[in-house]
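Scroll down for the structure; my scribbles are underneath it.
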């Protein structure tokens, strides 16, 4: 699908899924603005969750403010994806993360996330939405260490 003339802002562009999205959109002729995590006050999962919530909340505001100019606000939210960040996580912890995913019991692939973003751009009525690509997983309550 050619998407020349479209503009996309990709938050989390330095992650493996984010890089795949930037590459897929650019290859199809889109103008891509890439935003990485540098400059965020929070690191790790706190920073990731906070920035994700901000992007999701922003989709409605963007849709309303920029709709008159022909722009849409759509947030795509990845769940557990095979990425470089998984490297230092012990194998038993990675297995537990995958067990928590209702369906499919595997990591998502960055290319799958990129395909979602490319398809989003082609759907003109898709606006003010958060699309979760996470296998319906939700974070559990932390277990207290004894």
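The values are calculated or read from the model by the stated rules, or taken from the named source; none is laboratory data. Quick caveat: nothing in here was measured; it's all calculated off a predicted structure. Using ideal geometry, Cβ is built from the backbone for each residue, glycine included, and neighbour counts are taken over all protein chains shown.
So here's what we get for this one:
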{"item": "Cβ-Cβ under 7 Å pairs, at least 6 apart or on other chains, the range 5-26 side within 21 Å of residue 127 (Cβ to Cβ), far side in a helix (DSSP H, G or I) and modelled with pLDDT under 85", "result": "11/51; 11/55"}
{"item": "Residues within the range 93-125 that are within 28 Å of residue 3 (Cβ to Cβ) and out of contact with any helix residue (DSSP H, G or I) (no Cβ under 6 Å at 6 or more places or on another chain), tallied", "result": "14"}
{"item": "The one condition in (1) closer than 14 Å to residue 135 by Cβ; (2) surrounded by 17 or more Cβ atoms within 10 Å (Cβ to Cβ); (3) touching a helix residue (DSSP H, G or I) at 6+ places or on another chain (Cβ under 9 Å) that residue 73 fails to fulfil", "result": "(1)"}
{"item": "All positions within the range 12-65 that are over 15 Å from the mean Cα position of the chain (by Cα) and at pLDDT below 80", "result": "38, 39, 40, 41, 42, 43, 44, 46"}
{"item": "Residues being crowded, with 17+ Cβ neighbours inside 10 Å, assigned to a loop (DSSP other than H, G, I, E, B) and touching a strand residue (DSSP E or B) at 6+ places or on another chain (Cβ under 8 Å) - total across the range 97-126", "result": "1"}
